[in-house]
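Inspection log for the structure reproduced underneath, given as structure tokens.
The values are calculated or read from the model by the stated rules, or taken from the named source; none is laboratory data. A quick note: this is a predicted structure, and the numbers were derived from the prediction, not measured. All Cβ positions, glycine included, derive from the backbone under ideal geometry; neighbour counts span all protein chains shown.
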Amino acid sequence: MRDYFCKFLNIILLTLLVGACSQSGPIVDEEEDAAFQRGRSFLKVGKEEEALDEFLSVTRRAMNSPNSHLEAGRLFLTLDSRKDPIAAIYHFRRFLLLENESREAPKVRQLIVTAEHEIIRELPGEPYSDLLDSLSLKKENDRLTREIADLRASQGLPLNSRQISTTKSENATPRLPIVLPPKPEISPTVRARTYTVQQGDSLYAISRKLYGDSSHIDRIFQANRKSLPSKDSLKLGQVLIIPSIPPSR
């Protein structure tokens, strides 16, 4: 266990040191990098191990390579043969250092939390399994408390002391006691639609264009199995079904 935590600490220190270094030298256009393009090509045909090696080669040569860090982090988190949540956290933090204000930044922060949970689960004897369960229960309990508070407020009923405390802790701006608390936000649903394949399109590019990231390649492929014998068999002018994404709470 001590060796595992030492490795985790070394990764964090390495991340801080790299972030503190001056990013001098020629700026490389990541999208034009041959290794990055090969990595995307390997992803299209399901060769994820080869794709990971290409993305890692980009991150070793180019300081400004956020997308390569992002793809490497995802692969380290999901690829069974190369699974390494500590390495995933390193690459996710490198992405945030370069693209902290991007549209994908909130998702990457959640992926870091997922990777941290994976690290805890892999500890010998799973000593923190009870902690993980308690965190999940607390999150669910807080959600139910907010919903009860909303219901009571909509009916003009007073909130009890615990609900008032929870509402105040989640909202930094002071609120009057009678003000209706905000309702929990629900992630928007990407509605089902169709898309006509254009020149230079791939499932990778279509996923990034329509969903905002490249993690939905399989979703599009499975929805179009009747017209797509493989992931790299797109034809110009072909009409694809773009499935919806269920809303997350």
When you check Val190 against the structure, is it at pLDDT below 85 and more than 20 Å from Ala51 (Cα to Cα), yes or no?
yes
Considering the range 205-247 alone, what residues qualify as being surrounded by 14 or more Cβ atoms within 10 Å (Cβ to Cβ), among the hydroxyl-bearing types (Ser, Thr, Tyr) and touching a residue at least 60 places away in the same chain (Cβ under 8 Å)?
Ser214, Ser215
Residues (among the hydroxyl-bearing types (Ser, Thr, Tyr), farther than 14 Å from Val45 by Cα and assigned to a helix (DSSP H, G or I)) located in the range 197-249
Ser207, Tyr211
Just name the residue that is surrounded by the most Cβ atoms within 10 Å (Cβ to Cβ) out of those in the range 67-120 that are of a type in the set (Lys, Arg) and either in contact with a His (Cβ under 8 Å, 6 or more places away or on another chain) or in a loop (DSSP other than H, G, I, E, B) (or both).
Arg94
From Gln23, Gln37, residue being polar (S, T, N, Q), exposed (fewer than 15 other Cβ atoms within 10 Å of the Cβ), modelled with pLDDT of 90 or more and not assigned by TED's automatic domain parsing to the domain that holds Pro229:
Gln37
